[in-house]
Amino acid sequence: MDANPAMVLSAHDEREIRALVARYLDAVSRFDATTLAATWAANGQWHLGPSTVVGRDAIVELWKQIIARYESRIIQLMVDAQVRAAPNGATGRFTFLEIARKAGESKDHVEVGRYADTFARENGQWVFSQRRFALIYRGSIAAGEFFPVPS
């Protein structure tokens, strides 16, 4: 059976989407709300468990509240990535490892999470139109030392 040409994602588009995810992870690691905002569609949806936040501004405000709990850097590493063409855009699944320390805690926490994403083009750029988060693992490790993330 022949693939539907409208459902084929070009190598260029796949690279741009992977770069979008990398920018998102970097923005989280740098506590950079401006860069994080630029990764979301104006009417994006962030699904966190039973809650859904709608709209770029609301997403960034919630992210700022979440990030305020951390005393030092958050390191997020993508460990698995899949991108596929979809009607009106693309979908992806991204698994990441996170190491961070919340304010007042003596240990670092480790999480493995997965995002199921929907991507769309907005002003010629790929952005997240939806991100659905699922926690896979949570634990703690002895506190390490965080260093500034190089530019």
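The values are calculated or read from the model by the stated rules, or taken from the named source; none is laboratory data. Quantities reported herein were computed from a predicted structural model and do not represent experimental measurements. All Cβ positions, even for glycine, are placed from backbone atoms using ideal geometry, and neighbour counts span all protein chains on display. Areas reflect the complete protein model, heavy atoms only, side chains present, ligands, DNA and RNA absent. Shrake-Rupley method; radii C 1.70, N 1.55, O 1.52, S 1.80 Å.
In this Cβ point-charge picture (+1 for Lys and Arg, -1 for Asp and Glu), the chain has a dipole of about 220 debye about its Cα centre. Size descriptors for the range 28-76 (Cα atoms only): Rg and Dmax, in that order, 10.9, 30 Å.
The share of accessible area on the chain that comes from carbon and sulfur is 53 percent, using a 1.4 angstrom probe. Close amide H pairs (under 5 Å, H built 1.01 Å from N) link residue 32 with no residue at least 5 positions away or on another chain.
Using only alpha carbons, the chain has a radius of gyration to Kirkwood radius ratio (Rg to Rh) of 1.00.
Among the chymotrypsin sites (Phe, Trp or Tyr not before Pro) in the range 62-110, none is located in a DSSP loop while being surrounded by at most 10 other Cβ atoms within 10 Å of its own Cβ. Taking every DSSP helix (H) stretch of at least 4 residues in the chain, weighting each as -39,500 (n - 2.57) and dividing the sum by the residue count yields a mean residue ellipticity at 222 nm of -8000 deg cm²/dmol.
Shown in residue order for the range 36-52 are the 3J(HN,Hα) couplings computed by the Karplus curve 6.51 cos²θ - 1.76 cosθ + 1.60 at θ = phi - 60°: 4, 4, 5, 8, 9, 5, 4, 10, x, 10, 10, 9, 10, x, x, 9, 10 Hz (x for Gly and Pro).
For the range 94-149, the spread of Cα coordinates along the three principal axes comes to 44, 27, 16 Å, biggest extent given first. Accessible area per residue for the chain, computed on protein heavy atoms with a 1.4 Å probe, is 57 Å². Using R₀ = 41 Å, calculate the FRET efficiency as 1/(1 + (r/R₀)^6) where r is the Cβ-Cβ separation of residue 142 and residue 12; round to 0.05. That gives a FRET efficiency of 0.40.
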